[in-house]
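Every read-out reported here was derived from the displayed coordinates using simple, explicitly stated rules and does not represent laboratory data. What you are looking at is a predicted structure, and each value in this text was computed from that prediction instead of being measured. Using ideal geometry, Cβ is built from the backbone for each residue, glycine included, and neighbour counts are taken over all protein chains shown.
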Amino acid sequence: MKLKGIRWSHQFTLLLLIAVAFLVSVHMSRHFLDPAYLLTATTNFVETGLMALAMTFVILLGEIDLSVASNLALTAALSGVLWAHFGWPLPVACMVGLVVSAVAGLANGLLVTRLKLPSLTVTLGSMALLRGAAQVLIGNQSITGFPDWFAGVDQRVVGPFPAITLLLLVAAVAWWAVLTRTIRGRMTQATGANRAAARLSGISVEAITVRVFMVSGLMAGFCGLIMMSRVGAARWDMAQGRELDVITAVVLGGTDIAGGEASIPGTMLALILIAVMRTGMGLAEINPETQHVAVGILLAASIAIPNLLRMRNGQKAQPAK
Amino acid sequence: MSLNRMVIAAAAAAAMTAFLWGCKPKTTAVTVAAPVTGTVRVCYIPKNTGNPYFDAVNNGFTQASSALHFKYTEQAPATADATDQIPIIQQQVQDGVNVIAISPNSPEALDPAIRAAEQHGVRVITIDADLTGSEQLRSACVLPTDFNKLGASQIELIGSLMGYTGDFAILSATTDAPNQNAWIAGMKVALKLPKYAGMHLVEIAYGNDDPQKSLLEAQSLMTKYPHLKGILSPTTVGIAAAAQAVETGGAAGKVQVTGLGTPNQMRRFVLDGTVKKFALWDPAQMGYTAGYLAYGLARGTIHPAAGVSFTAGTEGIRVFGTNNVISNGPLMVFNKSNIGQYHF
């Protein structure tokens, strides 16, 4: 009960911080409060958000997936190369890209479960491997000239709303429903909370872990296609370092980095907070280094404060893992 | 996963994709950039932050802005990621800037953002690198120097150091670097001139722009050719490595080293006499020229077209070439007497 109380209050804290960040942004730049601009700005955070949804499950299991941004780049590079250099129809090339991204995720999952390797090590390796593969495929050039039906997915709208932002919201609801309303989601939570106990109660811990890594890979691949369409180009160095933004959103959202506790609304609120802060600070011409510092302080505080709360409540502080 | 579930998942994914790519694109009203009558606002977006080269470009801009009294800011992305410049472009457009000057990290990935900026009546110019293939999206481009003349000027530089006679070698980057190969081709053409008839190019070595490999290549050149009088390295990594090799080999004065280098890297070798002179473009001049160009575009006093010219303050006349490209002045030659003034 107590833990649940803390989680609720964490989301409440995020809401308050969003409100503060919003008001500060309005105060700092008179151009901030423009709905059309704000809606356009959301499209820059969709890939991070979609990958963060899948990453929430990975971290819930007490694992980590550092390879998502590299997987994104490889999917874009592979689909782009198949289409541009081998003359494959674009939809087919994209499907192959997606399959490869899922296989890469599957491989991560199998290495973690079968060889009992720490996911940090496994995905650190695949992060380098997938990025390297993208670079080998595409070299230091860009693939461009996509047909009109494919390019500029961020420009598609439903009424005033960008379609990819709506998609992120729908995906978030679906992810939340899977986590809290399905047996599979409950089993994932149980596995994250106590692996041994979950195994004893007949849950196939390995199958769940493999599946979660596979979905994380597939989601990264899908984001690769979105980014390829959004910027109208495929390059090997797309989204470099983006895995850290993704993990930041998840952890800031209240998902325990040690596993066992996850919150999809928390991840989304954290993403909104980061988006408001970055957009507001960018408009106010605050340089990116300072933006990083601000988000970093927020992340450190979001980990430290729950521990302080626990200590005040007379519980043991959780050691950082 | 059962077959039914897989069908459901596949159907959901297909519906999602159909929805996403099936929606209609947003229609944007196009604003034509009119001459600015109030304060002109210019923003420069370099490739990344904390790079002395772009800091120098920024200094040039600042000089131009204080001379012409326009409001100038620099907004640098934290990393040189192809997509990191996109939100900055959007923010500057939203902030009502008149001209965006950008050193693009990836030409193609910025096309949509730059197109959107132009549609909002913001003029865009490129600096140091261009939007190759999409030149119509920006108003004009300022490049560091006329690269077609670079090879010939490098030969003159090494020739003057070795008295136009004797053996010399070239230390390049990688065998397939397009810039390097174009410049080396230019050098070979220049070598056919009677003035350089006494000079013999004995070898072109490749150090892959890796300090260690470049050092080894330079050392082996000196061993292989005992009468070597010069090493010409048109790459900043190579020239520093060659200078290092000559210094540690005690061959200063016997083997001349020159090429393209940055003052910060070469300062030590110039001050201790290992290297007499070397060249590079001055990024500050480029920023200064771009500042004058940006201001003139905003005020409506410069209309870029091939052959049209304008005056860039103390730098003098600049002329637009094909695709509205301006090649900034000739290379700057650095030596013991002037290197103290440059910090990039």
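Numbers below:
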read-out: Cα pair distances exceeding 38 angstrom across chain B, given as percent; value: 30
read-out: Taking all pairs of distinct alpha-carbon atoms in the range A:27-83, Kirkwood radius in angstrom; value: 14.2
read-out: Likely footprinting exposure, B:Asp128, B:Asp209, fewest C-beta neighbours within 10 Å first; value: B:Asp209, B:Asp128
read-out: Three semi-axes of the equivalent ellipsoid, the range B:109-183, Cα gyration tensor, whole Å, largest first; value: 39, 14, 7
read-out: Computed FRET value (nearest 0.05) for A:Leu124 with A:Ala300, which takes r as the C-beta separation and R₀ as 22 Å; value: 0.50
read-out: Extension gain, A:Val170 back to A:Leu16 (0.36 nm per residue minus Cα-Cα distance, nm); value: 53.1 nm
read-out: Over 26 Å (Cα to Cα) - which of B:Lys254/B:Lys277; B:Lys192/B:Lys213; B:Lys213/B:Lys277; B:Lys26/B:Lys47; B:Lys149/B:Lys276 fall in this group; value: B:Lys192/B:Lys213; B:Lys26/B:Lys47
read-out: Segment B:Val202-B:Asn179, extension gain: residue separation times 0.36 nm, minus the distance between their alpha carbons; value: 6.2 nm
read-out: Inter-part distance where the range A:43-105 and the range A:141-200 are each reduced to a Cα centre, Å; value: 12
read-out: Rg to Rh, two decimals, where the range B:233-344 supplies the alpha carbon set and Rh follows Kirkwood; value: 1.14
read-out: Estimated D of the range A:58-152 in µm² per second, where Rh is the Kirkwood radius over Cα pairs and Stokes-Einstein applies at 10 °C, 1.306 mPa s; value: 112
read-out: Per-selection metrics, the range A:127-257 (Cα): Rg and Dmax in Å; value: 18.3, 55
read-out: Förster-model FRET efficiency, 25 Å R0, A:Arg30 and B:His120, C-beta, rounded to 0.05; value: 0.90
read-out: Scattering profile of chain A at q = 0.07, 0.12 Å⁻¹ [log10 I(q)/I(0), Debye over alpha-carbon scatterers]; value: -0.28, -0.85
read-out: Ascending count of other beta-carbon atoms within 10 Å, so fewest first, for B:Ile100, B:Ile302, A:Ile305; value: A:Ile305, B:Ile302, B:Ile100
read-out: Kirkwood Rh, angstrom, the protein assembly as shown [1 / mean 1/r, Cα pairs]; value: 27.6
read-out: Nearby aspartates and glutamates by direct alpha-carbon distance to B:Lys195 (threshold 14 angstrom, same-chain neighbours under 8 apart not counted); value: B:Glu156
read-out: Cα centroid separation, the range B:165-237 to the range A:282-308 (Å); value: 49
read-out: Cubic angstrom per residue, convex hull over Cα atoms of the range A:146-193; value: 113
read-out: DSSP bridge pairs, the protein assembly as shown: antiparallel proportion in percent, nearest 5; value: 25
read-out: Of the chymotrypsin sites (Phe, Trp or Tyr not before Pro) in the range A:29-114, those whose Cβ has at most 15 other Cβ within 10 Å and which sit in DSSP loop; value: A:Phe86
read-out: log₁₀ of I(q)/I(0) at q = 0.16, 0.21, 0.29, 0.30 Å⁻¹ - the range A:172-215, Debye sum with one point per alpha carbon; value: -0.39, -0.65, -1.05, -1.08
read-out: Rg [Å, one decimal], Dmax [Å, integer] - the range B:148-280, C-alpha atoms; value: 13.0, 36
read-out: Rg/Rg_ref, the range B:20-150, where Rg_ref = 2.2 N^0.38 Å and atoms are Cα; value: 1.09
read-out: Cβ-based exposure ranking for A:Phe161, B:Phe278, A:Phe22, B:Phe334, in which fewest neighbours within 10 Å come first; value: A:Phe161, A:Phe22, B:Phe334, B:Phe278
